[in-house]
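Chemist: The structure is given below, and queries will be raised subsequently.
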């Protein structure tokens, strides 16, 4: 930077008439704006109006005029009231969905960290395993997930074995473990019914969890790669066991990634179209009078709740996250 | 001379140790080698790891095997209880019917056009924005990053309706509407971007870094560029290269693995996307896209006992045919996928 800074200074000396504030810093900041220009334009011209409109819709009713036009009628919190008190399912689904999310997120983060550590070790066939583990991120999204969901739905509606068993969704035929098995395992440990159910759900949901932890695995892998091997080496010399090394070195070094991944998982799971609340919103959107605006109101409420969760996550994590370099 | 002497001494002592070692019987030597905790824990750990990885790989791959098996089965196999994974009546009829009757080639060509153009646009634009955010300190840098994160956090499902309306009656700050009123703009109403050709909203979103998951791409690129040392650009500046030229000639070649990763994500997610396709292409009946081929070909419609099962298998076959090109792309690009992320230095 210093070398480059001398150039304009020399130029300024040669031509004193030039404006003084035409400094390198200013030029750099202008090129910064230039690089970000597409996003700034899009954000102002497309995104903000969309967000603004969406909030506007949630506070109004759409009245269709003759022809292709429409106008909005401001109704205050009417839509929110309808979503919260008139709709029978919304609050229930919301609470259930958030509860499910709070169970799934730790499972996804822990699983992806574990797999990332495994895939980071030197072994035979590492490249092949890596290739296999990233298949779901690429292939099991959108349309394919929808087909899987419809197969599972069909199976659920028509009873056992009505669909080819693809093992993709928790279904009657493809349960990996039974609640009974785990109950037997936990027998005498004095743990509640709830925990047994949770553990069972997580294990049966393994495909779902593997499916949803692809990007997180990548991020963890990147984080693991950036830890200097010298640290591990010195640990080994000092006689630390693998267990100690993990908790004293890997875990603190990877903690920023854990935060990033937790937040990413929250966002990912609540924006994905196949979670219960999103499905409900989608259903409300397509039926009933004013379904569209009520759906908007629901979506914004859902968003606020999730934002709250992310905020709490970030606050808690801030106390524990260790940053290697501060800038 | 001195050096030679020391090496000679070392060699001799080494030989001595070797002799000592060989004097101990084989059984003891093997015991010492294999019956210690270090070796045993390693063996256990290797076995555990291998079994675990194989198990998870099985969980991931099994659905694909099941789908492939189902796609090759004839109608009779779905009511036969003894058939499990291995078809008795092999047939390629399902593939053939989908290929010919569901306009597979048309859907392939048009989806390729949409996915390729948007993925290229997204990759380049996210590259630009990520570079701008990572390497330049200007007022509003932090605010811009916050804006990127906001676009990532607000799900597009939430703003679905207003997004559709925005592109249905496309307008920039009411400018077109104003022109309409004065009579300068010669269109009957605002520009309808969702009309016959629903690709324009997607292109616009891609060109402004607002399309599906673009916040993630921008974030990844930014982290990647933060790991690139500043000295690289500084030396280019000293040699008289401008900002943009430095970006094109030095930074872009550096970030190829990362760009391939993002291209792969963008392409595949657009390829299997149904949210935007249904939102923006709803009026465009002429065009056939990938979501349109997921239906039962008319020649395969039956009413026999295994109908549900058979139709589910056909739908899954459609899914297989949709992802087949992606598998080929993935095989070529997966090397970059890990490489790109590994070099990004994502910490911090």
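The values are calculated or read from the model by the stated rules, or taken from the named source; none is laboratory data. This is a predicted model, so every value here is computed, not measured. Glycine gets a Cβ as well: all are built from the backbone with ideal geometry, and neighbour counts include every protein chain shown.
Chemist: Taking the condition more than 10 Å from chain A (Cβ to nearest Cβ), in a helix (DSSP H, G or I), surrounded by 18 or more Cβ atoms within 10 Å (Cβ to Cβ) and modelled with pLDDT of 80 or more, does residue B:323 pass?
Modeler: no
Chemist: Can you pull out every residue in segment B:207-239 that is in a loop (DSSP other than H, G, I, E, B), touching a residue at least 12 places away in the same chain (Cβ under 8 Å) and at negative phi? Even if it seems obvious, please write down each step before you answer.
Modeler: Here is the first cut: in segment B:207-239, the ones in a loop (DSSP other than H, G, I, E, B) are B:208-213, B:227-229, B:239.
Filter once more, so that each one left must be touching a residue at least 12 places away in the same chain (Cβ under 8 Å): B:208-213, B:227-228.
Listed by number, the residues that qualify are B:208, B:210, B:211, B:212, B:227, B:228.
Chemist: Filter segment B:119-140 for residues that are over 21 Å from residue B:246 (Cα atoms) and within 9 Å of another protein chain (Cβ to nearest Cβ); which is surrounded by the most Cβ atoms within 10 Å (Cβ to Cβ)?
Modeler: So, considering only residues that are over 21 Å from residue B:246 (Cα atoms) and within 9 Å of another protein chain (Cβ to nearest Cβ), the one surrounded by the most Cβ atoms within 10 Å (Cβ to Cβ) is B:140.
Chemist: From the list B:336, B:263, exactly one residue is more than 9 Å from every other protein chain (Cβ to nearest Cβ), farther than 24 Å from residue B:99 by Cβ, at pLDDT below 80 and surrounded by 15 or more Cβ atoms within 10 Å (Cβ to Cβ). Which is it?
Modeler: Numbers: B:263 fails: at pLDDT below 80.
It is B:336.
Chemist: Looking at segment A:9-25, is at least one residue under 38 Å from the mean Cα position of the chain (by Cα), modelled with pLDDT under 85 and surrounded by 12 or more Cβ atoms within 10 Å (Cβ to Cβ)?
Modeler: Scanning segment A:9-25, I find at least one residue that is under 38 Å from the mean Cα position of the chain (by Cα), modelled with pLDDT under 85 and surrounded by 12 or more Cβ atoms within 10 Å (Cβ to Cβ), so the answer is yes.
Chemist: Does at least one position in segment A:204-213 carry a residue that is surrounded by fewer than 21 Cβ atoms within 10 Å (Cβ to Cβ), free of Cβ contacts under 8 Å to residues at least 40 places away in the same chain and more than 17 Å from the chain's Cα centre (by Cα)?
Modeler: Looking for residues that are surrounded by fewer than 21 Cβ atoms within 10 Å (Cβ to Cβ), free of Cβ contacts under 8 Å to residues at least 40 places away in the same chain and more than 17 Å from the chain's Cα centre (by Cα), one finds at least one in segment A:204-213, hence yes.
Chemist: For segment B:67-94, which residues satisfy the criterion of being within 30 Å of residue B:289 (Cβ to Cβ) and touching a residue at least 24 places away in the same chain (Cβ under 8 Å)?
Modeler: Within segment B:67-94, B:67, B:68, B:70, B:71, B:73, B:75, B:78, B:93, B:94 meet the criteria.
One line per residue, one yes/no per condition, for (1) at pLDDT below 80; (2) touching a helix residue (DSSP H, G or I) at 6+ places or on another chain (Cβ under 9 Å); (3) surrounded by fewer than 20 Cβ atoms within 10 Å (Cβ to Cβ):
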| site | (1), (2), (3) |
| --- | --- |
| A:235 | no, yes, yes |
| A:248 | no, yes, yes |
| A:260 | no, yes, no |
| A:272 | yes, yes, yes |
| A:279 | yes, yes, yes |
| A:294 | no, yes, no |
| A:322 | yes, yes, yes |
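Chemist: Still on this structure, I have one more. Can you name every residue in segment B:105-118 that is more than 22 Å from residue A:43 (Cβ to Cβ) and more than 14 Å from chain A (Cβ to nearest Cβ)?
Modeler: Within segment B:105-118, the subset more than 22 Å from residue A:43 (Cβ to Cβ) is B:105-116.
Selection gives B:105, B:106, B:109, B:110, B:112, B:113, B:116.
Chemist: Applying the selection to segment B:35-48, what residues are within 21 Å of residue A:240 (Cα to Cα) and within 12 Å of chain A (Cβ to nearest Cβ)?
Modeler: B:37, B:38, B:41, B:42, B:45, B:46
Chemist: Follow-up question, since we're still on this one. Considering segment B:228-265 alone, what residues qualify as being within 12 Å of the chain's Cα centre (by Cα) and farther than 19 Å from residue B:132 by Cβ?
Modeler: B:260, B:261, B:263, B:264, B:265, listed by residue number.
Chemist: Identify the residue in segment A:84-122 that is in a loop (DSSP other than H, G, I, E, B) and surrounded by 13 or more Cβ atoms within 10 Å (Cβ to Cβ) and, among all such residues, is farthest from the chain's Cα centre (by Cα).
Modeler: Checked segment A:84-122; the qualifying residue farthest from the chain's Cα centre (by Cα) is A:87.
Chemist: Kindly indicate which of B:112, B:84, B:64, B:99 is in contact with a helix residue (DSSP H, G or I) (Cβ under 9 Å, 6 or more places away or on another chain) and outside any helix (DSSP H, G or I).
Modeler: Just a single option satisfies the conditions, and that option is B:84.
Chemist: Does residue B:97 meet the test of being more than 12 Å from every other protein chain (Cβ to nearest Cβ) and in contact (Cβ under 8 Å) with a residue 40 or more places away in the chain?
Modeler: yes
Chemist: Take the residues in segment B:197-211 that are in contact with a helix residue (DSSP H, G or I) (Cβ under 6 Å, 6 or more places away or on another chain) and crowded, with 22+ Cβ neighbours inside 10 Å; name whichever of them is modelled with the lowest pLDDT.
Modeler: Restricting to residues being in contact with a helix residue (DSSP H, G or I) (Cβ under 6 Å, 6 or more places away or on another chain) and crowded, with 22+ Cβ neighbours inside 10 Å, the top hit is B:198.
Chemist: Taking residue B:249, is it more than 9 Å from chain A (Cβ to nearest Cβ) and touching a helix residue (DSSP H, G or I) at 6+ places or on another chain (Cβ under 9 Å)? Walk me through how you get there before you give the answer.
Modeler: Working: more than 9 Å from chain A (Cβ to nearest Cβ): yes; touching a helix residue (DSSP H, G or I) at 6+ places or on another chain (Cβ under 9 Å): yes.
Spelling it out, residue B:249 is indeed more than 9 Å from chain A (Cβ to nearest Cβ) and touching a helix residue (DSSP H, G or I) at 6+ places or on another chain (Cβ under 9 Å).
Chemist: How do the helices (runs of 4 or more DSSP H) wholly within segment A:217-277 filter down when requiring 1 or more residues that are within 21 Å of residue B:45 (Cβ to Cβ) and more than 28 Å from the chain's Cα centre (by Cα): which remain?
Modeler: Of the helices (runs of 4 or more DSSP H) lying wholly inside segment A:217-277, those with at least 1 residues that are within 21 Å of residue B:45 (Cβ to Cβ) and more than 28 Å from the chain's Cα centre (by Cα) span A:229-237, A:242-245.
The rows are residues; the columns are (1) at positive phi; (2) part of a loop (DSSP other than H, G, I, E, B); (3) modelled with pLDDT of 60 or more; (4) more than 7 Å from chain B (Cβ to nearest Cβ).
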{"position": "A:124", "(1), (2), (3), (4)": "no, yes, yes, yes"}
{"position": "A:131", "(1), (2), (3), (4)": "no, no, yes, no"}
{"position": "A:166", "(1), (2), (3), (4)": "no, yes, no, no"}
{"position": "A:190", "(1), (2), (3), (4)": "yes, yes, yes, yes"}
{"position": "A:195", "(1), (2), (3), (4)": "no, no, yes, yes"}
{"position": "A:210", "(1), (2), (3), (4)": "no, no, yes, no"}
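Here is a yes/no grid of residues against (1) facing chain B (nearest Cβ under 7 Å); (2) without any contact (Cβ under 8 Å) to a residue 24 or more places away in the chain; (3) exposed (fewer than 15 other Cβ atoms within 10 Å of the Cβ); (4) touching a helix residue (DSSP H, G or I) at 6+ places or on another chain (Cβ under 8 Å):
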site: A:29; (1), (2), (3), (4): yes, yes, no, no
site: A:38; (1), (2), (3), (4): yes, yes, no, yes
site: A:45; (1), (2), (3), (4): yes, yes, no, no
site: A:49; (1), (2), (3), (4): yes, yes, no, yes
site: A:54; (1), (2), (3), (4): yes, no, no, yes
site: A:58; (1), (2), (3), (4): no, no, no, yes
site: A:63; (1), (2), (3), (4): no, yes, yes, no
